[in-house]
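The values are calculated or read from the model by the stated rules, or taken from the named source; none is laboratory data. In this text, all values refer to a predicted model and were calculated from it rather than measured experimentally. Because the Cβ atoms are built from the backbone with ideal geometry, glycine has one as well, and the counts that use them run over all protein chains shown. For the accessible areas, the whole protein counts, side chains as well, though only heavy atoms, and no ligand, DNA or RNA atoms are used. Shrake-Rupley method; radii C 1.70, N 1.55, O 1.52, S 1.80 Å.
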Amino acid sequence: MKKKYLIVGAGFAGAVLAERLARKGNSMITIIDEREHLGGNSYTETDEETGVTVHKYGPHIFNTNNKAVWDYVCSFCEMMYYRNRVKIVYKGNVYSMPINLHTINQFFGKALNPKEARLFIDGLADKTITNPANFEEQALSFIGEDLYRAFFYGYTKKQWGCEPTELAASILKRLPVRFNYDDNYYGSIYQGIPRDGFTAIFEKMLDHPAIEVRLNERFDAGYDTKEYDHIFYTGAIDAFFNYKYGRLGYRTVYFERGVDEGDYQGNPVINYADEAIPYTRVHEHKHFTPWENFDKTVYFKEYSKETTPDDIPYYPKRLAEDMGKLEKYQQKVAKLSNYTFLGRLATYQYMNMDHVIEEALKLSERF
Ligand SMILES: Cc1cc2nc3c(=O)[nH]c(=O)nc-3n(C[C@H](O)[C@H](O)[C@H](O)COP(=O)(O)OP(=O)(O)OC[C@H]3O[C@@H](n4cnc5c(N)ncnc54)[C@H](O)[C@@H]3O)c2cc1C
């Protein structure tokens with residue numbers, strides 16, 4: 001007899017798992033999502049006014065070092081060459097991001113070569129900080145006051161809604177500077193954007209007779225699970241337990257949409273470092289598909305804020321109080337015999353698409 005599985009959430013975690021389990025041929029799968037569309041936060045749609053493919057929940061660029069994950073995703077789409085080159089505006093000047101040799105030379109008005117730049121930055125680093133206690137100290141110990149104030153202080157404060165001294169030093173693990181002119185935002189070996197958008201990948205993945213997709217369907221404590229042998233849950237772990245130990249902290253983002261003729265900013269993503277500018281970045285989505293042409297353009301100013309019960313949880317804050325609650329929730333999960341929690345919300349961690357896919361591929365082998 002075939003097993004019956006329920007998968008909650010049709011983002012990459014749920015969809016990959018459904019696809020893999022279905023191909024094995026020994027189960028029937030129902031996948032539900034409370035949203036009206038597939039794809040979770042990776043969902044893309046065509047903007048009616050401009051025709052541009054828009055990443056509704058923020059720009060998504062596929063990137064990975066894992067060849068198996070890359071090959072797997074590419075079996076559902078034509079992945080187009082794309083490299084993310086981000087700029088940052090600070091005090092009316094535009095700089096290259098992540099901080100690289102170009103940024104250093106621009107910012108300090110120099111023409112240093114890699115070795116000279118390394119020595120120069122080393123000379124700026126705050127050597128009095130031997131054991132950084134927080135994000136700010138970590139940054140100062142790496143790059144010194146000027147670069148930190150310009151490119152980290154205001155941006156980080158806007159993004160996290162607190163002083164960088166309140167954030168963990170571990171957020172900035174390595175020296176955030178490149179001593180060459182490489183401005184490719186992601187360091188991954190494989191990078192790209194699917195020609196037909198991300199949603200088309202999900203449609204292909206879930207197009208299988210053993211998979212039933214039900215959108216606009218929410219899972220909660222009252223959901224009837226009797227007929228299922230196992231439930232895979234990719235929703236928020238605190239929501240599953242009806243916030244018994246309190247809500248886990250998240251930052252969320254919201255967007256202000258604008259439409260223009262031609263080209264609005266000449267680049268897919270421009271960050272804004274000044275604290276006085278309320279948004280963190282502007283994304284102009286037609287630049288994510290440089291192989292297409294559009295007369296009009298649509299762009300989004302991105303703002304960051306605390307998450308209220310009505311907002312979509314985006315970035316887990318993982319402060320000490322959150323981690324305490326998480327541990328309690330995880331202890332409860334461990335006692336559930338026929339449930340598996342996976343994906344970014346169910347594990348309360350920031351995960352890129354490739355990590356979520358890798359996790360789901362591995363998990364599917366156990367069922
Ligand atoms: C702004 C932003 C930009 C990003 N950019 C990149 C990028 O460039 N590259 C990259 O690799 N990754 C990026 N990511 C990360 C990427 O979005 C995640 O890796 C991916 O979405 C995780 O997939 P998931 O299935 O775990 O979660 P999600 O995509 O969030 O899917 C979970 C789904 O579960 C549904 N759900 C939740 N609870 C319930 C419930 N109770 N009942 C029914 N349905 C429910 C939700 O509606 C949702 O559709 C970005 C994330 C953000 C926030």
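Based on DSSP H segments of at least four residues, each scored -39500 (n - 2.57), the chain has a per-residue ellipticity at 222 nm of -8000 deg cm²/dmol.
Working from the Cα coordinates of region 86-174, the gyration tensor eigenvalues give, after taking √(5λ), semi-axes of 22, 17, 9 Å in decreasing order. By accessible area, using a 1.4 Å probe on protein heavy atoms only, the chain has 47% of its surface on carbon and sulfur. Calculated accessible area for region 218-367 comes out at 50 Å² per residue, all protein chains present (probe 1.4 Å; ligands, DNA, RNA ignored). Could you identify which residue out of Ala239, Ala210, Ala334 has the top mean-square fluctuation in a GNM of the chain using Cα springs shorter than 10 Å? Residue with maximal mean-square fluctuation among Ala239, Ala210, Ala334: Ala334. Pairing the Cα long axis of helix 353-364 with the longest principal axis of the chain, what angle in degrees results, from 0 to 90 and rounded to the nearest 10? Once rounded, one gets 30 degrees. The charge dipole of the chain, taken about its Cα centre with unit charges on the Cβ of Lys, Arg, Asp and Glu (plus for the first two, minus for the last two), comes to roughly 1200 debye. When each of the peptides 174-180, 133-139, 256-262 is scored by the mean number of other C-beta atoms lying within 10 Å of its residues, the order from highest to lowest reads 133-139, 174-180, 256-262. Counting only DSSP beta bridges with both residues in the chain, the antiparallel share comes to about 60 percent. Using the 1.4 Å probe convention, the accessible area of region 86-174 works out to 50 Å² per residue with neighbouring protein chains retained. For the cross-link pairs Lys56/Lys317; Lys244/Lys328; Lys56/Lys173; Lys157/Lys325; Lys158/Lys286; Lys4/Lys204, the ones whose C-alpha atoms lie over 19 Å apart are Lys56/Lys317; Lys56/Lys173; Lys157/Lys325; Lys158/Lys286; Lys4/Lys204. Computed on the chain, the Cα convex hull volume stands at 154 Å³ per residue. The angle between the Cα long axis of helix 12-24 and the longest principal axis of the Cα atoms of the chain comes to about 40 degrees, rounded to the nearest 10.
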